[in-house]
Amino acid sequence: MKVLRTFAIISALFLAVTSCKVEKPADTDGHDLWFHNLEKVADAAPAEYTTEAIAQSEIDQYWKGKAAVEIKVLDQKDEALGRDGYRLVFSKGKVAVEANTAIGTLYGVYGLLRLQQTDALPKGAKTITEVPAFEYRAFNHWDNLNGSVERGYAGQSLWNWAELPDKVSPVYQEYARANASVGINATAINNVNANADILTTDYLKKVKVLADIFRPYGLKIFLSLNFAAPKHIGGLDTSDPLDPRVVQFWKDKTAEIYSLIPDFGGFLVKANSEGQSGPQDYGRTHADGANMVADALAPYGGVVFWRAFVYDAQAEDRAMQASDEFVPLDGQFRDNVLIQVKNGPIDFQPREPISPLFGQAPNTNLMLEVQITQEYLGHSKHMVYLHPLWKECLDTDTYEFGEGSTVAAITEGKYRNNKLSAISGVTNIGNDVNWCGHQMIQINWYAYGRMAWNPDLSSDQIADEWLRQTFSSDPKFIKPVKDMLDRSREVTVSYEMPLGLHHIMASNAHFGPGPWEDSYRKDWSPLFYHKAGPDGVGFDRTVATGSGATAQYNEPLASTYENIDTCPENLLLWFHHVPWDYKMKDGKTLWDELCYTYQHGIEDAADYIKIWEKVEPYVDNQRYQEVRTKLIRQAKDAMWWRDAVILYFQTFSNMPIPDDCYPPQHTLDELKQVGVFRWTPGMPRVRRPEIYEVLPEYTLPKYPDL
Ligand code: BDP
């Protein structure tokens, strides 16, 4: 009897142990994004192609709850919900999804399914109200009409212009659905370096087909315009915004667009920047240009996103230029113009201070532009979760209206009467089967949408949501992987450009290091940005001895940055030129601090591989292998960055690399050759397309077999 019982206990234990072993999920290519774990409970295609029918069919197909879901567009409008907000009212046996508009209910449906997928449905009666922070939650595609994507690392453009308008890819609808599921409601589908042809009738007919597909998902189309379009496609000899013929051209063009696309969002404009035409070609201001376009759009409710990304080779400090040009124009822009400002004053570097313009134009609608594509953070080869970078910017206090005037508050319009507000992100999407070129960086698409809806969400929460929906809810998977994602931005800063270093990448692809590079334009040259010499390294932007950029910030930021003792160390070399033997807060010399920061960056990047290997049981084989291969490459690239930057700086510091840091694996001369010849997709100007991906070989000291 006793023996039998013992046997029963042992076999029960054995069963318990073996059944705990997680079943390996089936392979997937990642195309289904964060819908991956949504299980279909019924086949229920939408009865018609309308927002209402789509909302209903999403519930019919995927809602697993016992409570009946009732989707309701409110007869009695609730002002607090605005156009896009929704309420989920949980009561006994019922969930009501309520909104002022059909699109509000669709967002509510996706919100409800998200709660289901992340095990966050309330247990009892409860009302959850969600209202987006920004009116326009926009995507910017840098897609060219020839199918290439500027700074895109996930294949070619999604838009197949050759096949449109007749042939429609199912991907267009999948794209719209994915965007709606995270609240993205506007998309500028062509590159800011715009080809004027997009505004020709032939192209507009193609664009209309996309607009019709996007509409039920609440996604409005924007177009990037080429300011010289009146000349290029309008048969005029000028594009002067004050010339009546030019004004008429834009009025007519806008009317034509609205006749095809009645809910057209408006125009995105890059003017007088990096060779693009603009109002200054005719001695006019950005306000003259923006207002002319805005006036054409105003009768239809359209808006202009006018970019503040302007600089020229003459300026002493490129970081100051956007403010220098736009602050004097404060108050001159029409109500339907938003000035689109990159998060930092230079250009999407791994770390920048905020653009000072956010705190300097109280009478202008300002919006934030972030980059989702990883131009400077390892392309789609590196796993970097970017939400912490964006959030750092949104949470930074400009002090413009006293404490609390963060970039989020400013751009949400809390201090303006005009409630027009927007945010935009340069996408990382292409026609790669997994959309983003790297399974893990799909998170940046997801996170961008969630942030645009609610800038208060933490990076950790968003990562948690995404992992549960895309991979697994098992805590043994979530915890380590989330931790890795949460740290990943800081890790990349450490192995690429720590302590405020910036713009020291190779100028060809913006991927690997190129600190030695000079350029015919000083403002494109890494030498200009790090100014390394025997006396130290860093760009002096102080008022006392440097460019004076610190004065563009409001107090107390200005003094904090001005004073080397109070300047945050993670921005030290952004604002100060610092001797190699300068004592850091931890007592190390600047030189040692640099060496150790790189060292930690490369060790952390190598550790990703081992963390990933531990969670192998929770990940399907296909995605597991893909990610692992990329992580190995990332760790090696990290070493390449370290070797290049440290060996180059050492020619000035003449100080030794500390013994407990890895020794370099290549000489400076070898690495300089790599920098010269590299080219990767996404480069706007193809110089050496025949030489592709020549990278230095590396061995990981901790994992020499990889
Ligand atoms: C830079 C890119 C360039 C873009 C430009 C922009 O290198 O390809 O055209 O920004 O934002 O980051 O307009």
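The values are calculated or read from the model by the stated rules, or taken from the named source; none is laboratory data. Remember, predicted model here, so these are calculated numbers, not experimental data. Positions of Cβ are backbone-derived with ideal geometry, glycine not excepted, and every protein chain shown enters the neighbour counts. SASA here: full protein model, heavy atoms, side chains in, ligands and nucleic acids out. Shrake-Rupley method; radii C 1.70, N 1.55, O 1.52, S 1.80 Å.
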Query raised in the report: For the stretch 262-283 and the stretch 385-461, what is the separation of their C-alpha centers, rounded to whole Å?
Result: 24
Report summary line: the chain: antiparallel bridges as % of DSSP beta bridges, rounded to 5, reads 30
Report summary line: The simple spin-label model distance between A68 and R83, using points 7 Å out along Cα→Cβ, in nm, is 3.3
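For the stretch 239-354, report the accessible area per residue in Å² (1.4 Å probe, heavy atoms, rounded to an integer).
31
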Requested in this report: Apply the Debye scattering formula to the stretch 67-200, with a single equal point scatterer on each alpha-carbon and no solvent, then give log10 I(q)/I(0) at q = 0.15 Å⁻¹.
Outcome: -0.82
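If you keep only loop residues by DSSP, which trypsin sites (Lys or Arg not before Pro) in the stretch 96-189 have at most 16 other Cβ atoms within 10 Å of their Cβ?
Working: sites: R114, K123, K126, R137, R151, K167, R177; in loops: K123, R151, K167.
Filter output for the stretch 96-189: K123, K167.
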**Report entry** For the stretch 291-347, size of Cβ-based charge dipole, Lys and Arg +1, Asp and Glu -1, in debye
**Finding:** 260
Query raised in the report: Using a cut-off of 20 Å between alpha-carbon atoms, which aspartates and glutamates can reach K66, once sequence neighbours fewer than 8 places away in the same chain are excluded?
Result: E39, D43, E58, E98, D119
Query raised in the report: About its Cα centre, what dipole magnitude does the stretch 136-470 give when the only charges are +1 on Lys and Arg Cβ and -1 on Asp and Glu Cβ, stated in debye to the nearest 20?
Result: 880
Query raised in the report: Rounded to the nearest 20 Debye, what is the dipole magnitude of the chain about its Cα centre when Lys and Arg each give +1 and Asp and Glu each give -1 at the C-beta?
Result: 1900
Query - For E593, solvent-accessible area (1.4 Å; no DNA, RNA or ligand), Å² - result: 30
**Report entry** Listed residues V73, V207 arranged by accessible area, highest first, probe 1.4 Å
**Finding:** V73, V207
Report summary line: For the chain, inverting the pair-averaged 1/r of distinct alpha-carbon atoms gives a Kirkwood value in Å of 26.9
**Report entry** the stretch 387-432, Cα convex hull volume normalised per residue, Å³
**Finding:** 76
Report summary line: Rounded to the nearest whole number, the Stokes-Einstein translational diffusion coefficient of the stretch 136-470 at 10 °C and 1.306 mPa s (Kirkwood radius, C-alpha pairs) in µm²/s is 79
Report task. Please list, or write none, the aspartates and glutamates whose alpha carbon is within less than 19 Å of the alpha carbon of K251, excluding same-chain residues fewer than 8 places away. Result -> D197, D202, D237, D240, D243, D263, D288, D295, D335
Query raised in the report: Under a straight-distance cross-link criterion of Cα-Cα below 17 Å, which aspartates and glutamates are reachable from K588, leaving out those fewer than 8 residues away in the same chain?
Result: D565, E569, D659, D660
Report task. Summarise the accessible area of the stretch 397-498 (1.4 Å probe, protein heavy atoms) by the percent that is carbon and sulfur. Result -> 47
Query - Net charge of Cβ neighbours under 14 Å - reference A287; Lys, Arg +1; Asp, Glu -1 - result: -2
Query raised in the report: Tally Lys and Arg at +1 and Asp and Glu at -1 over the other residues with C-beta under 12 Å from the C-beta of P241: what net charge comes out?
Result: -3
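Calculate, in whole percent, how much of the Cα-Cα pair population of the stretch 304-455 lies beyond 21 Å.
So the pairs more than 21 Å apart make up 45 percent of the total in the stretch 304-455.
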Query raised in the report: Taking the stretch 374-419, which trypsin sites (Lys or Arg not before Pro) meet the DSSP loop condition and have no more than 14 other C-beta atoms within 10 Å?
Result: K419
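Report the net charge of residues surrounding L457, where surrounding means a beta-carbon distance below 15 angstrom and charges are Lys +1, Arg +1, Asp -1, Glu -1.
It works out to a net charge of -3.
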Query raised in the report: Can you give the extra length, in nm with one decimal, that the chain gains between A162 and D335 once fully stretched, where that is 0.36 nm per residue apart less the Cα-Cα distance?
Result: 58.6 nm
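Report, to the nearest whole %, how much of the accessible area of the stretch 564-649 belongs to carbon and sulfur atoms, 1.4 Å probe, protein only.
51
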Query raised in the report: From the square roots a ≥ b ≥ c of the eigenvalues of the alpha-carbon gyration tensor of the stretch 491-539, which class results: rounded (a/c under 1.5), prolate (a/b over b/c), or oblate?
Result: oblate
**Report entry** the chain - mean residue ellipticity at 222 nm from DSSP helices (-39,500 (n - 2.57) per run, n ≥ 4, rounded to 500)
**Finding:** -11500 deg cm²/dmol
**Report entry** Residue-span extension gain [K40 to T201] - 0.36 nm each, minus C-alpha spacing
**Finding:** 53.8 nm
Report task. Putting +1 on Lys and Arg Cβ atoms and -1 on Asp and Glu Cβ atoms, find which of H503, G265, C661 reaches farthest to the positive end of the dipole of the chain. Result -> G265
Query raised in the report: For the stretch 33-130, what percent of Cα pairs sit more than 22 Å apart?
Result: 24
